[in-house]
1. Quick check on region 410-418. Is at least one of its residues among the acidic types (Asp, Glu), under 30 Å from residue 22 (Cα atoms) and open to solvent by 50 Å² or more (accessible area, probe 1.4 Å)?
2. In region 366-380, which residues are open to solvent by 30 Å² or more (accessible area, probe 1.4 Å) and either assigned to a loop (DSSP other than H, G, I, E, B) or aromatic (Phe, Trp, Tyr) (or both)?
3. How many residues, within region 10-28, are at pLDDT 85 or above and either under 20 Å from residue 323 (Cα atoms) or basic (Lys, Arg) (or both)?
4. Six or more apart or on different chains, Cβ atoms under 9 Å: show the pairs whose first residue is in region 19-36 and within 19 Å of residue 368 (Cβ to Cβ) and of a type in the set (D, E, K, R) and whose second is surrounded by 15 or more Cβ atoms within 10 Å (Cβ to Cβ) and modelled with pLDDT of 95 or more.
5. If you scan region 249-280, which residues turn out to be in contact with an Asp or Glu (Cβ under 7 Å, 6 or more places away or on another chain) and either of a type in the set (Gly, Ala, Ser) or within 16 Å of the ligand (Cβ to nearest atom) (or both)?
6. Just one of (1) surrounded by fewer than 21 Cβ atoms within 10 Å (Cβ to Cβ); (2) within 16 Å of the ligand (Cβ to nearest atom); (3) farther than 28 Å from residue 380 by Cα trips up residue 313, so point out which.
7. Can you list the helices (runs of 4 or more DSSP H) lying wholly within region 43-128 that have 2 or more residues being over 19 Å from residue 216 (Cα atoms)?
8. Mind checking which residues of region 119-140 are free of Cβ contacts under 8 Å to residues at least 60 places away in the same chain and closer than 13 Å to residue 209 by Cβ?
Amino acid sequence: MSLVSDKDKLMIESTGFDVENIRKDFPILHQKVNGKPLVYFDNGATSQKPQTVIDAISNYYSSYNANIHRGVHHLSQIATSAYEEAREEVRSYLNASKKEEIVFTKGTTEGINLVAHSWGRANLKAGDEVVISAMEHHANIVPWQMVCEATGAILKVIPIDNKGELILSDAEKLITEKTKILSVMHVSNALGSINPIEDLICLAKKVNALTLIDGAQAVPHFMVDVQSLDCDFYVFSAHKLLGPTGVGVLYGKLELLEAMPPWQGGGDMIKEVTFAKTTYADVPLKFEAGTPNIEGCIVMAEAIRYWRALDHDAIDKYEQALLSYAKEKLSEIDGMIFYGTAEKKVPVISFLLEGLHPYDVGFILDKHGVAVRTGHHCAQPIMDFYGIPGTIRASFSFYNTFAEIDQMIDALHLAKRMLS
Ligand code: PMP
């Protein structure tokens with residue numbers, strides 16, 4: 001069965017987005033799983049990688065692997081330049097004004113922890129408030145709970161409605177003079193909602209609160225400009241944006257990063273160490289203690305180069321067409337319940353089939369080559385809100401096709417017959 005159907009061909013004509021060609025860049029997609037063509041709809045968990053990214057890993061290790069910043073020798077100099085060029089690539093991608101505003105991290109989780117533990121512990125005191133939202137990933141809940149516990153600050157939560165949209169009128173009431181930081185996700189991993197972060201950032205600015213945006217699920221779908229958003233911090237992980245695992249970015253406004261204490265000590269983050277006193281390196285190295293994920297950062301930049309070269313208007317139209325087609329086909333299945341029906345969404349669909357356990361459905365889909373995620377998606381408070389243990393989540397990328405959606409729909413019909 002071809003994973004590019006007539007419907008895909010029509011889309012290629014109308015959007016100019018040539019998915020058939022794009023798929024050639026992703027070798028992993030061309031395989032069978034359990035005797036069926038692989039349908040990879042777990043992009044929200046991690047994206048697949050184009051050949052240029054795979055080659056960049058191999059090229060690093062076969063040509064210039066060396067530790068950075070400390071060596072005078074040839075390989076170390078090449079690796080150091082590539083690492084610092086990667087920083088420049090990320091700066092230009094996010095449209096940050098200065099290269100020093102880009103801190104390399106292990107990923108979104110580490111970026112949020114860095115701000116919570118460094119800025120949070122230095123600046124929060126009893127009675128101050130930290131505002132998050134009810135749809136946050138655990139990575140944007142737990143670090144703030146830990147810091148609130150340590151400092152006596154209070155965690156406030158912007159509620160959501162049934163559609164999975166933040167209730168802005170409540171946000172207005174919750175964000176007050178007591179708010180010191182607002183930390184919210186740009187896009188929900190569990191529901192796909194695109195949050196009105198511009199409005200939220202505006203509310204925070206009115207009370208002089210800082211803003212941190214968790215961009216983990218935004219960057220794989222659209223371009224982000226940190227200067228036009230005017231947020232204070234923005235974090236994301238490379239692995240959801242066509243890059244490797246274990247590496248990511250914290251963008252922070254320079255004056256804030258400069259004022260923040262380091263949160264880990266060790267090599268590379270110092271100017272001078274004596275037993276009497278240590279002085280710290282300037283940002284961003286102050287926050288990059290120890291040998292970093294050198295090849296990860298270099299390869300992340302390669303992934304970003306690949307992503308930036310694509311036609312984003314065409315991708316947006318194409319992904320929205322995938323989303324509406326999937327919604328239409330899924331709603332034809334008896335007992336279908338959708339979770340997250342926000343007006344503005346990335347192509348992520350969370351659903352349940354009445355009376356069926358999501359794991360059982362996920363298991364049968366896998367037997368038919370279809371990879372989806374089942375469970376709470378590290379967002380247990382959302383599941384509590386809907387009163388369910390978890391959902392089945394199909395999260396699409398620009399390399400997915402309409403034919404793949406058809407394969408998932410056929411497998412779901414079968415799952416219904418087998419499990420009912
Ligand atoms: N925030 C959101 C919205 C996410 O989707 C994820 C990953 N599922 C994270 C944070 C954590 O990302 P990582 O595990 O790459 O640190």
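1. If we filter region 410-418 for residues that are among the acidic types (Asp, Glu), which is where we start, we get 410.
Adding the requirement that they be under 30 Å from residue 22 (Cα atoms) leaves 410.
Next, from what is left, pick out any that are open to solvent by 50 Å² or more (accessible area, probe 1.4 Å): 410.
Yes - at least one qualifying residue is present in region 410-418.
2. To start, the set of residues in region 366-380 that are open to solvent by 30 Å² or more (accessible area, probe 1.4 Å) comprises 366-368, 373-374, 376, 378, 380.
If the condition is that a residue be open to solvent by 30 Å² or more (accessible area, probe 1.4 Å) and either assigned to a loop (DSSP other than H, G, I, E, B) or aromatic (Phe, Trp, Tyr) (or both), then 368, 376, 378 are the ones that fit.
3. Of region 10-28, the ones at pLDDT 85 or above are 17-28.
Now restrict to residues that are either under 20 Å from residue 323 (Cα atoms) or basic (Lys, Arg) (or both): 17-20, 22-24.
Here the count works out to 7.
4. Once the first residue is within 19 Å of residue 368 (Cβ to Cβ) and of a type in the set (D, E, K, R) and sits in region 19-36, its partners that are surrounded by 15 or more Cβ atoms within 10 Å (Cβ to Cβ) and modelled with pLDDT of 95 or more give 32/38; 32/369; 36/367; 36/368; 36/369; 36/370; 36/407; 36/411.
5. Of everything in region 249-280, those that are in contact with an Asp or Glu (Cβ under 7 Å, 6 or more places away or on another chain) and either of a type in the set (Gly, Ala, Ser) or within 16 Å of the ligand (Cβ to nearest atom) (or both) turn out to be 251, 252.
6. It is condition (2) that residue 313 fails.
7. Values: elements: 51-59, 74-94, 108-114.
Hits in region 43-128: 51-59, 74-94.
8. 123, 124, 128, 129, 130, 132
The values are calculated or read from the model by the stated rules, or taken from the named source; none is laboratory data. Note that the structure is a prediction, hence the values are computed from the model and not measured. With ideal geometry, Cβ positions are generated from the backbone for all residues, glycine too; neighbour counts draw on all protein chains shown. Remember, those area values only see protein heavy atoms, side chains included, never the ligands or the DNA or RNA. Shrake-Rupley method; radii C 1.70, N 1.55, O 1.52, S 1.80 Å.
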